[in-house]
Each structure stands twice: as C-alpha cells, then as structure tokens.
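Here the structure comes first, spelled out in structure tokens, and everything after it is commentary.
The values are calculated or read from the model by the stated rules, or taken from the named source; none is laboratory data. Just so it is clear, the model here is predicted, and its values are computed rather than measured. Because the Cβ atoms are built from the backbone with ideal geometry, glycine has one as well, and the counts that use them run over all protein chains shown.
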Amino acid sequence: MGLAKKTWSSYKTAERMLGTCMKAKGRKLEIPVSREDILLFVDWLISERGVKAATIESYLAGIRQMHIVKGIDPPVIKSDLVKLVVKGRANADAVEKRKAKKPERKPITMKVMALLKECIRRWEKPQEEKLLIWAVCTLAFGGSFRIGELLCRSEKAFDPDFDLLTEDIAVVENGKENTSKIVVKLKCPKENKKGPETIVDVFQTDNCACPVKAFRKWQEKAAPEKGQPLFRRKDGKPLTGRTLNRILKELLSPHFDYKKGFFTTHSFRAGIPSMMGAMGMANDDIKATGRWSSRAYEFYVKKPRTIRMKVAKKIAKAN
C-alpha cells in the first residue's frame, strides 16, 4: 500500500532490465549494486536500448527501491557522473523532440465541445449510447475531472471503494440561484488519497455543453442501478477511459490533423483551466478548479462552491 500499483510495476521492470543488462554484459548481478554497474546499466540503456532520460530516472528509482525491499541500505545510485550522463541524455531528448515536432495533446475548449456534440448527434449509434458519451464528456469538461475519477479501469471488474457508483452522484437544485448542480463524491481522489472524501460541484451552465442537462437526459433514459458503476453501457459493462479515448479519436480525427495535435480524455481536464488562463484569471483559481495538489487546494477545500460557481458563470458565456 506504500506505493501505487503502477509504480510497483515500473520498479519491477527496472529490476528485470538490470538483470538483462548484467547478463548481456557477462556480469553477475550483485546486491548492493556497485557504482560501476549502475554506470554500465545507464550506458547500456542509452546506447543499446535507446531509453529516454525520464525512463532512466524511473529505472534508477526502481533499483533504489529494490534495495529497500530487500532490507539493504541503498548505495549512492545517482552519483555525480550518473547525474551528468542522464542530464546529457535529457538534453539530447529535448533536441530530438524539437526536431521531430511530435503532436501534443490539446485541451478541449468550448468550440471543440460544440463540434463534439454535433459529431455525437450524427454518430450512427443508439440514442442511449450517444447520451451516455455526451453526459460523460460534459461532466469531465465541466468538473475538470481526471477520467479515472468518473470511469472504471476495466470492463470486467470494479472496486466500490474507489470507482464512482450511482449513489456517489446527485443533481441538487439551488432555489436561490434558480440553477442546478451535479454533486460528485470522490472517494479516493489522486490529490488527497489519505484524507476524507472530496465533494466536487459541477454547475449548470445553460450553454451547449451544460453538464446538468446532459446528465439528466442520460439518467432518464438509462436509469442507472445503485451499487453499480455509474456510467455503464447498454450491455452492462462499465464505460472505460480506454474506450472513451477510442471514441473521441473516431469522432474528432476527421476534423483535426492528429499529426499536429490530438485529443484524449485528459483533454477535458485541461479544458477549463486553459480557458481560465486565456481569460487572465488568477493562478490560485485555476489550480483550485483543477484540484491540483498545492496550497491552492487548501483554499479550494474551504470555498469550493464559491470558486466553481464563479467559474461556471464565466465559462457559460465563453465562445
């Protein structure tokens, strides 16, 4: 429980790669690993495997963790020479990236949301499927959610202690403002795994991408079942982030050059913060809206409704 599942997997890969390197070089893997073997490993990763600097950093962290797990005080993994070599690789990676001009993930803005809505309308799928996808897209956009906070990782299984269930979300009326909002309970948000549940309010906007309107239309059609993942397809399988990524590409790629820039589910999370930045809004408000781990997050916890309502009203008027 001390580290995330993906982190453990990455560290195991590092140990396996180190073993492969030592075998290829005709050396015996000894613990603790010597500085010479660490340098040899880094050279092998760069010269023979073409590994990027960021991955090398991850592998070195994995080797350090390997010692800790075995109850051995880790040696100096990143000596000054190793740091210099990795820095050089990072600089070379940056040069290669500039030359390659690889496409970057783009944020989804209101204009893209309007296009996506039209694409879904013309999509040759059952109406319930269309309503489901649009409800997820508007909620992810309006709440700047990480897609894993809304959707399950797998179609085959779910974890009620982590995944969003039907009872974890509700539409609440606000009589004074004459508006509604969606209240989402995140049981284990990334920025606050050790703390209490986090409540995220997503407000009615009354524009083409209104999350409340989209959610209500889907909810009436689908009648989601309690105790089950909220967003499920007609066959009962949970909608996953991987599936939604595939659908986004299918719908949007005909309208954008994906060789220059592409959209994924994480583009929803970047959408409103990007728009807020373009509007010149305060950095603290931007960070609070996205619930990033920082001092701004503490401010968000204290006054989430005030901030998100103000943002929702401004975004509703944006083109």
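Quick look at the values:
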quantity	calculated
Any hit, the stretch 15-38, residues being surrounded by 14 or more Cβ atoms within 10 Å (Cβ to Cβ), closer than 30 Å to S253 by Cβ and modelled with pLDDT of 85 or more	no
Test: residue in the stretch 43-55 that is without any contact (Cβ under 8 Å) to a residue 40 or more places away in the chain, within 24 Å of the chain's Cα centre (by Cα) and surrounded by 16 or more Cβ atoms within 10 Å (Cβ to Cβ)	yes
Whichever residue in the stretch 245-273 is closer than 14 Å to M113 by Cα and at pLDDT below 85 and, among such residues, is nearest to the chain's Cα centre (by Cα)	R269
Tally of residues being in a loop (DSSP other than H, G, I, E, B), within 11 Å of P107 (Cβ to Cβ) and of a type outside the set (S, T, Y) across the stretch 256-266	1
Test: E15 is more than 25 Å from the chain's Cα centre (by Cα), among the acidic types (D, E) and assigned to a helix (DSSP H, G or I)	yes
First in the stretch 90-110 and of a type in the set (F, W, Y), second anywhere and surrounded by 14 or more Cβ atoms within 10 Å (Cβ to Cβ), Cβ under 7 Å, 6 or more apart	none
Options L116, L139, L132: the member that is of a type outside the set (S, T, Y), touching a Pro at 6+ places or on another chain (Cβ under 7 Å), assigned by TED's automatic domain parsing to the domain that holds A222 and at pLDDT 90 or above	L139
Tabulated pairs, the stretch 148-177, first farther than 22 Å from T264 by Cβ, second among the hydroxyl-bearing types (S, T, Y), C-beta under 6 angstrom, 6+ apart or interchain	V171/S180; E173/S180
Residue tally, condition assigned to a helix (DSSP H, G or I) and loosely packed, with under 11 Cβ neighbours inside 10 Å, over the stretch 112-136	3
Residue count, the stretch 222-255 (criterion: among the β-branched types (V, I, T) and assigned to a helix (DSSP H, G or I))	2
Residue satisfying all of: in the stretch 196-231; within 21 Å of the chain's Cα centre (by Cα) and free of Cβ contacts under 8 Å to residues at least 24 places away in the same chain; surrounded by the most Cβ atoms within 10 Å (Cβ to Cβ) among these	E197
Residue satisfying condition, being part of a loop (DSSP other than H, G, I, E, B) and more than 30 Å from F162 (Cα to Cα), within set V42, V33, V85	V33
